[in-house]
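Undergrad: Got a structure for you, written out below as structure tokens; questions coming shortly.
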Amino acid sequence: MQFGILGLPKVGKTMLFNTLTSSDEATGKFEAGGKTHVAVAKVPDERLAKLRELFQPKKYTPATVEYVDIPGIHKGEGAESLDLAKLKTVDGLLHVVRAFDDPEIPHAGGAIDPGADIATLDLELILADHSLVERRLERLSKSGKRGPTPQEEHERRLLAETILPALEAGTPLRRLTLDADEARLLRGFQLLSAKPMLVVVNVAEADVADARPEQFGLGQENAPPGVVVSAPIELEISRLSELEQVEFLRDLGLAEPSLDRVIRASYEMLGVISFFTVGEDEVRAWTIRRGDVARDAAGAIHSDIERGFIRAEVVGWDDLLRLRTLAACREKALLRLEGKEYVVADGDVVHFRFNV
Ligand SMILES: Nc1nc2c(ncn2[C@@H]2O[C@H](COP(=O)(O)OP(=O)(O)O)[C@@H](O)[C@H]2O)c(=O)[nH]1
Ligand SMILES: [Mg+2]
């Protein structure tokens, strides 16, 4: 699961990437290197943290999201300055826009205008998609004497009748409502404006307590969801001890580091959920798609468990916390026996019985 971090140069992408993933890549007043960085962030999860306290395991393994820091898009150069090959394969986009002013750090767009920058990036994604779709349609029209296969005809119609008109109207494809079959086809095309997108607004330190995503037109109808952060503050928080963090956040009037919200929002936007396995050895979160059944969940751990699946013992994380042991949950009939087709819920604690 990978999220691409993108935006104009010098908006704070790399500083946020470093904080999200505890990395140490160069940030700076000059566009640094133009290199792409990849690293992993742990998904903060209070439920899992509480299970850790209960079980005191040797090993603790939260879910993760991988972030790719992609060099800035230069305004005017458009899609050519995008690392298209890298962007095509990511599952979601994190668009960083700048709302902080600093005369020392020139802004690529001239004036500070987050709304305009959001529109600029969307336009770049739409233009890149447009040329991909046109090329694909051209190829599909060259099916030769044999004529198009039903699959090719299906693709052609979706592209020509739905996708292309949307792009020409300037609509990012993520806004389209498609049926399951069309959505699957669309994912196959790896178009950029179709990917789920979260906008991170990097505001001045003084504004961080009061700024709201809605101010920037985010989180409303037709607009992507947004989170407001201050990159230097987030970096500072990440360097504090847990105790110092609590105080610092309270002074700022924040309930939690904003980046925790960024990571959780990224995770949820990809349509995934976590189930947990617990024990003295390890307390761990596993990532599956929403709607996956117990057999899929078993496969996420190991193909042997999927193949030899007998049943799943399932209890909600909150019930387990309340009763403290799986045995007590069993006694109170809160630990259920489920079969292969059970749809796993977010926060389920699962123990698999299997046979190899
Ligand atoms: N004053 C101020 N400077 C920032 C803020 N966020 C990032 N910077 C600075 O902006 C410059 C560019 O940051 P960087 O993360 O390299 O941006 P990128 O080009 O988008 O990767 C660096 O000098 C950062 O220290 C902010 O919120 N306020
Ligand atoms: Mg950078």
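Undergrad: In this structure, is GLU138 in a helix (DSSP H, G or I), more than 16 Å from ligand 1 (Cβ to nearest atom) and either modelled with pLDDT under 90 or outside the structural domain of LYS13 (by TED's automatic domain parsing) (or both)? Spell out the reasoning first.
TA: On the way: in a helix (DSSP H, G or I): yes; more than 16 Å from ligand 1 (Cβ to nearest atom): yes; either modelled with pLDDT under 90 or outside the structural domain of LYS13 (by TED's automatic domain parsing) (or both): no.
Spelling it out, it is not the case that GLU138 is in a helix (DSSP H, G or I), more than 16 Å from ligand 1 (Cβ to nearest atom) and either modelled with pLDDT under 90 or outside the structural domain of LYS13 (by TED's automatic domain parsing) (or both).
Undergrad: Another one. Would you mention how many residues in region 8-29 are more than 9 Å from ligand 2 (Cβ to nearest atom) and either in contact with a helix residue (DSSP H, G or I) (Cβ under 8 Å, 6 or more places away or on another chain) or not assigned by TED's automatic domain parsing to the domain that holds VAL201 (or both)? Can you show your working first?
TA: Residues of region 8-29 more than 9 Å from ligand 2 (Cβ to nearest atom): 8, 16, 18-24, 29.
Subset that is either in contact with a helix residue (DSSP H, G or I) (Cβ under 8 Å, 6 or more places away or on another chain) or not assigned by TED's automatic domain parsing to the domain that holds VAL201 (or both): 8, 16, 18-20, 22-24.
Here the count works out to 8.
Undergrad: Working only within region 241-279, note down all residues that are of a type in the set (A, V, I, L, M) and in contact with a Phe, Trp or Tyr (Cβ under 6 Å, 6 or more places away or on another chain). So that I can check it myself, show each step before the final result.
TA: Quick first cut of region 241-279, residues of a type in the set (A, V, I, L, M) only: 243, 246, 249, 252, 254-255, 259, 262-263, 265, 269-270, 272-273, 278.
The answer is VAL278, and nothing else.
Undergrad: Moving to a separate point now. Take GLN215 and tell me if it is assigned to a loop (DSSP other than H, G, I, E, B) and farther than 30 Å from GLY339 by Cβ.
TA: On the way: assigned to a loop (DSSP other than H, G, I, E, B): no; farther than 30 Å from GLY339 by Cβ: yes.
So GLN215 fails the test.
Undergrad: Among the residues of region 49-57, are any away from ligand 2 (no atom under 13 Å from the Cβ) and among the small types (Gly, Ala, Ser)?
TA: Looking through region 49-57, at least one residue is away from ligand 2 (no atom under 13 Å from the Cβ) and among the small types (Gly, Ala, Ser).
Undergrad: Here's a follow-up. I'd like the full set of residues that are aliphatic (A, V, I, L, M), assigned to a helix (DSSP H, G or I) and touching a residue at least 12 places away in the same chain (Cβ under 8 Å), limited to region 1-57.
TA: Initially, region 1-57 is screened for residues aliphatic (A, V, I, L, M), giving 1, 5-6, 8, 11, 15-16, 20, 26, 32, 38-41, 43, 48-49, 51, 54.
Narrowing the set further to residues that are assigned to a helix (DSSP H, G or I) leaves 15-16, 20, 48-49, 51, 54.
The answer is MET15, LEU16, LEU20, LEU48, LEU51, LEU54.
Undergrad: Of ALA63, ALA128, which residue is closer than 30 Å to ASP281 by Cβ, hydrophobic (A, V, I, L, M, F, W, C) and modelled with pLDDT of 90 or more? Step through it out loud before you land on a result.
TA: Values: ALA128 fails: closer than 30 Å to ASP281 by Cβ.
Testing whether each residue is closer than 30 Å to ASP281 by Cβ, hydrophobic (A, V, I, L, M, F, W, C) and modelled with pLDDT of 90 or more leaves just ALA63.
Undergrad: Can you tell me how many residues within region 211-260 are within 20 Å of GLU46 (Cα to Cα), touching a residue at least 40 places away in the same chain (Cβ under 8 Å) and in contact with an Asp or Glu (Cβ under 7 Å, 6 or more places away or on another chain)?
TA: So the answer is 2.
Undergrad: Here's another thing I want to ask about it. Restricting attention to region 127-165, and to residues there that are touching a Leu at 6+ places or on another chain (Cβ under 6 Å) and closer than 21 Å to PRO224 by Cα, which single residue is surrounded by the fewest Cβ atoms within 10 Å (Cβ to Cβ)?
TA: Within region 127-165, the match that is surrounded by the fewest Cβ atoms within 10 Å (Cβ to Cβ) is HIS130.
Undergrad: Under the condition of being modelled with pLDDT of 90 or more and at positive phi, which residue from region 9-46 is nearest to ligand 1 (Cβ to nearest atom)?
TA: Looking only at region 9-46, we keep the residues that are modelled with pLDDT of 90 or more, and these are 11-25, 37-46.
Next, only the ones that are at positive phi stay: 12, 22.
Working: GLY12: 3, SER22: 15 Å.
Result: GLY12.
Undergrad: A further question on this structure: Please go through region 76-106 and pick out each residue that is away from ligand 1 (no atom under 13 Å from the Cβ), in a loop (DSSP other than H, G, I, E, B) and either at pLDDT below 85 or of a type in the set (Ser, Thr, Tyr) (or both).
TA: The answer is GLY76, GLU77, LEU82, ASP83.
The values are calculated or read from the model by the stated rules, or taken from the named source; none is laboratory data. All values reported here derive from a predicted model rather than from experimental measurement. Don't worry about glycine lacking a Cβ; one is built from the backbone with ideal geometry, like all the others, and counts go over all protein chains shown.
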